[in-house]
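Working notes, structure below.
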Amino acid sequence: MATMESLIGLVNRIQRACTALGDYGGDQAFSSLWDALPSVAVVGGQSSGKSSVLESIVGRDFLPRGSGIVTRRPLVLQLQKIEGGQQEYAEFGHLPRRKFTDFSLVRKEIQDETDRVTGKTKQISPVPIHLSIYSPNVVNLTLIDLPGLTKVAVEGQPESIVLDIENMVRSYVEKPNCIILAISPANQDIATSDAIKLAREVDASGERTFGVLTKLDLMDQGTNALDVLEGRSYRLQHPWVGIVNRSQADINKNVDMIAARRKEREYFATSPDYGHLASKMGSEYLAKLLSRHLESVIKARIPSITSLINKSIDELESELDHLGRPISLDAGAQLYTILELCRAFDKIFKEHLDGGRPGGDRIYGVFDNQLPAALRKLPFDRHLSVQNVRKIVSEADGYQPHLIAPEQGYRRLIEGSLNYFRGPAEASVDAVHFVLKELVRKSIGECQELKRFPTLQSTIAGAANESLERFRDEGKKTVIRLVDMESSYLTVDFFRRLPQEVEKVGNNPRDNSPAAAANNPDRYAETHFRRIGSNVSSYVNMVSETLKHSIPKAVVYCQVKEAKQNLLNYFYTQIGQKEGKQLSDLLDEDPALMERRVQCARRLELYKKARDEIDSVSWVR
Ligand code: GDP
Ligand code: MG
């Protein structure tokens, strides 16, 4: 049957789980769960005896104590009861897996760890130290030791320290799940107690404040604290508890905890003032009181804790899904995983080409803008200028000028012109190649499943780019072939349809016809060559129109369609021949991601355990 012990133990374990995973915290679920779990914080003026009270609740010497500012960072102390007869030990959050059995080393580590953050100064830091103590002699509790409230900054402290401490302490005790242990020394007037002042501010009704009066033994002869302890001076919901801790002299003499507790018991039992209250005084009683109170708080909170845990579990499950489950060690399963990942990438790549994802439209942009613009810019004006036509035709004629039409000259002029088409044809292939390459890059980036496998990412990118290179070569060969085909056989009909050279005679001064220029051989020649140039130009324009349409067809056929259908085919045949080691190398994961998955899985396991435990105790009344 579940007991109070197991209930508090449960909360303690959840808290410890949270602490253990603290580095990974910062997420909402983590901090809200932490806030929902009850804890006990000590509040009071400097040297009021806070650390001493905590120690006597724990029953162990392990805290740095003394005058001046000793506690300079919050200490989150988790007490965990273990079976009787077992070895007591302590563990720090910042030193996991190192068990401290010597508690004087625990004290030293607290001091060192404080200095590590604050330096050996009188400065403070809000970064908590986490410490767990496992012992048969403790009750399950989470206690927080805090720096003491002060009134003035002393030498070596910044002016702001008074407020800094107060704010830090307040940030702990203002949380509604925080049980406040308000420590006031009995040798000071309760009306001046910093602890009570702050506690009243954050817990006006006093529901979660426990008044603790220390240093009863140090009161002036002839005075006593009955007015406070019996609730007449300052009334709290919970009864006041008086405490006698070890004095500095005791500490210096190494009076041990057992002896100190015995001394405290004797003090109350034999005290003429407090004898009648003896059963409700002292550190042991305080520990019991706290743990009983904690139990009722926890019971009231179980539903909200459960729902938080369930929420965290859901979130972790979905994060794990997102991170991907661990990969199998079996080569067959690994091959399957790799192929799945390739397919996932390929699907995204296709979506880019077919629409649905952006980028494929840029290929059309090449055909619709870039190619026509490049064709328009070809330097036919220069190539078919009268001078050039005359030069080429004359060269083609050789010693015997042509008689009717310069057949050879035409051919050379056309061939020379068509050569210019190679440039834009190849440029279209290149432009589409770069669009495809960019889409490969983009698709890899967008493929969530691939995120965790950087090696596979670059391997797929490499394989895809290799294929694209091959498609580009094929594309270039094909478009060049289209251009060459145009040069290798001219459209005869075109030339047959051209008007014959010698026809009508006209008087129009602007008439350029050969007949009009007949009596001027120079003009005749110029008009003649101009006409040849314009004929060639019309022919070239016709070819240009044809290529404007056939180049895109070739590019799509050789590059786009191939990329869509066969981008990774070559890779698939290669990967089929790989062995276990090579496959697992491909599935090499980003170490940060692996770590994240491990963390996630660990948290999930802890939360699930916590949920099971809560299920098993929550029916207890
Ligand atoms: P903190 O600054 O509030 O943590 O106070 P400490 O626990 O460090 O105690 C400050 C000093 O007061 C130490 O020297 C303790 O020995 C001493 N002290 C604390 N409580 C008592 C007490 O009940 N009686 C006596 N005689 N001395 C005490
Ligand atoms: Mg202290």
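Values for this structure:
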| quantity | calculated |
| --- | --- |
| Within-13-Å neighbourhood charge of D522 [Cβ basis; K, R +1; D, E -1] | +2 |
| Unit charges at the beta carbon, dipole of the stretch 41-312: most positive-side option, Q86, T101, V127 | Q86 |
| C-alpha center-to-center spacing [the stretch 158-190, the stretch 454-500] in angstrom | 80 Å |
| Per-peptide average of other Cβ atoms within 10 Å, ordering 53-63, 79-89 highest first | 53-63, 79-89 |
| Of K50/K253; K442/K564; K288/K608; K99/K263; K151/K288; K151/K263, pairs whose Cα-Cα distance is over 22 Å | K288/K608; K99/K263; K151/K288; K151/K263 |
| Cα gyration tensor, the stretch 41-312 - rounded (a/c under 1.5), prolate or oblate | rounded |
| Farthest positive-ward along the stretch 41-312 dipole, Cα basis, beta-carbon charges - from S296, A260, G148 | S296 |
| Highest average packing first - 282-288, 218-224, Cβ atoms within 10 Å | 282-288, 218-224 |
| For the stretch 335-362 versus the stretch 391-436, the gap between their alpha-carbon centres in whole angstrom | 42 Å |
| Of all DSSP beta bridges in the stretch 59-149, antiparallel share, percent nearest 5 | 60 percent |
| Relative contact order for the stretch 143-236, counting Cα pairs under 8 Å that sit 6 or more residues apart, in percent | 24 percent |
| Relative contact order (percent, whole number), the stretch 41-312, Cα cutoff 8 Å, 6+ residue spacing | 21 percent |
| Dipole of the stretch 406-486, positive end: most advanced residue of L456, P424, M485 [Cβ charges, Cα centre] | L456 |
| Distance from the stretch 283-297 to the stretch 232-276 (C-alpha centre basis), Å | 17 Å |
| Fraction of beta bridges assigned by DSSP in the chain that are antiparallel (%, nearest 5) | 30 percent |
| Under-5 Å amide H pairs with S233, H placed in peptide plane, nonlocal only | V228 |
| Overall form of the chain per C-alpha gyration tensor (a/c, 1.5; a/b vs b/c) | prolate |
| Prolate/oblate/rounded call for the stretch 143-190, Cα gyration tensor, a/c under 1.5 rounded | oblate |
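Taken together, the values in this text are just the output of simple stated rules run on the coordinates, not laboratory data. Quick caveat: nothing in here was measured; it's all calculated off a predicted structure. All Cβ positions, even for glycine, are placed from backbone atoms using ideal geometry, and neighbour counts span all protein chains on display.
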